[in-house]
Amino acid sequence: MYVKDLCKYDFCKIDPYKSVRSVEDQLVRDGFLVVVGDEGFAGILTSRDVVEYSHKLVADCLREKPKISADYDIEPVLVQMKDGHFSVLPVFERTTFIGVITLEDITDYYLFRYRKKLEHKVEQRTSELKLTIKILQQEISEHKQTWQKLCKTRDELAKRIDILEKFLPLCSFCKKLQNEEKEWIPIELYVKEHFKAEFSHSFCPECGKKHYGDFLE
């Protein structure tokens, strides 16, 4: 950013031989006044000039201020204004006075840039937080589903344990079991209904020998 980008070209001009008293209200309102005489630019009058160099005429109150080129970079000018306690400086293109640059305008410019950077950081951080929240919500949903499955498995296991801990009526002859509805059903069917197990029919060695004898030799 250059001085010419923040330069003020519209400002109040006063004659150097005016009395200070006659321009006091205008000076308070605008903060500074550009003094222009018959020979052109004479200086810039500020409230500080009036206090430090108290005289009756404007020309006698003027404090010499550095002349700033329109092509200067803003940053060194800001340093110069702060070091010299200048609130406003004249801007020139070569030897021609073209306007003024104020500390307030430079400060506003940097504040605007800083605010934009902060807004960008806030937007970026907000986007990151939204993504994090979305991921966390997904993980919470997955954990909730897992928890529901575990609870269901727990309930099923508790039910099976409860069944196993009961005394089950078993027929001494046909080996059928009596279920909760007082029905006598094959033990294979009972296990299948309550434990979701399947049976494959086979025989043990003793039964094989007893029933099939010579065929197994």
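The values are calculated or read from the model by the stated rules, or taken from the named source; none is laboratory data. Bear in mind that the values here come from a model prediction, so they are computed numbers and not experimental data. Heads up, the Cβs are rebuilt from the backbone with ideal geometry, glycines too, and the neighbour counts pull from every protein chain shown. Side chains included, ligands, DNA and RNA excluded: accessible areas come from the protein's heavy atoms. Shrake-Rupley method; radii C 1.70, N 1.55, O 1.52, S 1.80 Å.
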Checklist entry - How big is D for the stretch 36-151, in µm² s⁻¹ as a whole number, if Stokes-Einstein is applied with the Kirkwood radius of its Cα pairs at 37 °C and 0.692 mPa s? => result 172 µm²/s
Checklist outcome for this item: A chain fully extended from residue 141 to residue 206 at 0.36 nm per residue, minus the present Cα-Cα distance, gains in nm 17.9 nm
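Let's test the formula: R0 of 30 Å, r as the Cβ-Cβ distance of residue 182 and residue 160. What FRET efficiency results, to the nearest 0.05? Please list the in-between numbers first.
Numbers: r = 21 Å, r/R0 = 0.69.
Calculated value: 0.90.
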Checklist entry - Okay, helix-only estimate at 222 nm for the chain: each DSSP H run of n ≥ 4 adds -39500 (n - 2.57), divide by all residues, round to 500 deg cm²/dmol; what do you get? => result -17500 deg cm²/dmol
Checklist entry - Percent of accessible area on the chain owned by carbon and sulfur, 1.4 Å probe? => result 55 percent
Next on the checklist: Which three extents, in angstrom, do the Cα atoms of the chain have along their principal axes, listed largest first?
Outcome noted: 140, 40, 25
Checklist entry - Of 135, 109, 122, which is farthest along the charge dipole of the stretch 101-141 in the positive direction, counting Lys and Arg as +1 and Asp and Glu as -1 at C-beta? => result 135
Checklist outcome for this item: Plugging the Cβ-Cβ distance of residue 95 and residue 36 into 1/(1 + (r/R0)^6) at R0 = 22 Å yields, to the nearest 0.05, a FRET efficiency of 0.90
Next on the checklist: Can you give me the convex hull volume of the Cα atoms of the stretch 135-188, divided per residue and expressed in Å³?
Outcome noted: 83 Å³
